Amino acid sequence: MKSTDPFKELEEQLKVTDGSKEQLRSKIMQSTNEKKKIHFKKYVWIAAACILFLVTSPFYSTTMASIVAKVLPITITPQISEGKPNPNLTSDLFKLVEKEGYRVSSVGTTPSPFTIEVSIHLEDSKLKQAKEDLESKITSYLYENGYDDYELKITEAPEIPTHEGSDGLNKEYDKVREIVKEVFASYGYAEEAEYELAGMKGTGASTVVTIDMPDHIDELKEIIADIEKEIERQDLDVKEVEVNTFNLQHRLQDNRWSMISSDIYDAMVGKSTYKLAGLSYQVKDGHSYVWIKTDLDKPLPQEQIAEIKKAIQDYMALSETKEQIRDDEYTIEFLLKNGKSFVVITN
């Protein structure tokens, strides 16, 4: 999950259409004219204040300019619950689009600005028709779930050509994985064997098998020798085996906090109240650090800061989260645009 860029920059210009402004103005003025003349000036000032609030309110996006955003309490849910993924933005939209009769290629999000892209395979349908069918339903879902700071893209998926020999390469990779798993288990490292320790690069006679070897294993040479023998015995088209060592406990902690930091970030991204602009995390000397950057120039009001803290503390208290955190020490910080912390949560 980590990127070389420590933060993913997200930006969104929020606006209300001219039609929306006019409609709001007409309704307010109509209501005003029905009141007694003696109160005319007072109601004109109320109308002006309402228009100013609605025009400058952050709860609008280019996609949903005519709908006032739905501000929901922060709810952070683990990606994995009882061994199964929880519903989330991408999986929900995938199901929604499929329900409308379209074959989905992918649903994903990208930063800078926060963009939701739905890629579909089109057969008889045209892209214009697909957008007409899907945009209102997708934006309704987003509104109901509090998203108001995003861009929505519905695109046609390109046909992916099938490369000759790709099936054979996949089969070889599956065989290598099984060999690695069995050899590790035969040396008493069945738990380590459950992790993805084998990889492949190159094709044909230049194929190289890469083995990630936990650095606490003493039988490195023996294990690699047995893997090479079994590859040769099965006559797999492999040139050589490369070995990379790593600290298993560090990697497991890194993987855990990849999910934890994403859970927190995903619960607030795409919502203009928080203006999230990037996520970074690091495990150093057994301590997990999470930095969530915002585009805020000044801290949120104390009520909202308290809400953020409570949401994270409630999430950390969940049994699924506790199982991931274990005994990890951690620090979670929310940063202003200038990099200064305004929320710090640590154990």
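The values are calculated or read from the model by the stated rules, or taken from the named source; none is laboratory data. These figures come from a predicted structure and were not determined experimentally. As a convention, Cβ positions derive from the backbone with ideal geometry for all residues, glycine included, and neighbour counts pool all protein chains shown. Areas reflect the complete protein model, heavy atoms only, side chains present, ligands, DNA and RNA absent. Shrake-Rupley method; radii C 1.70, N 1.55, O 1.52, S 1.80 Å.
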Check your understanding: With every protein chain left in place, what is the accessible area per residue of the stretch 203-295 in square angstrom, probe 1.4 Å?
Key -> 46
Point to revise | Segments 246-253, 209-216, 178-185 sorted - mean Cβ within 10 Å per residue, highest first | key: 178-185, 209-216, 246-253
Check your understanding: Taking Cα pairs under 8 Å and at least six residues apart, what relative contact order does the stretch 97-206 come out at, in percent?
Key -> 21
Practice item. Give, in whole angstrom and from largest to smallest, the semi-axes √(5λ) of the equivalent ellipsoid of the stretch 164-231, with λ running over the eigenvalues of the Cα gyration tensor. Key: 23, 12, 10
Practice item. For the stretch 102-149, state which GluC sites (Glu not before Pro) are in a DSSP loop and have at most 14 other beta carbons lying within 10 Å of their beta carbon. Key: GLU123
**Study point:** Protein-only accessible surface order, largest first, of LYS221, LYS310 at 1.4 Å
**Key:** LYS221, LYS310
Review point. Rounded to a whole number, what % of the accessible area of the stretch 177-258 do carbon and sulfur atoms account for, probe 1.4 Å?
Key: 43
Revision key, fill the gap. Rg (one decimal) and Dmax (whole number) from the Cα set of the stretch 240-283, in Å, equal 15.6, 54
Review point. In the full protein assembly as shown, how much of GLU156 is accessible to a 1.4 Å probe, in Å² to the nearest 10?
Key: 100
Point to revise | Stokes-Einstein D for the stretch 196-337, Kirkwood Rh over Cα pairs, 10 °C, 1.306 mPa s (µm²/s) | key: 86
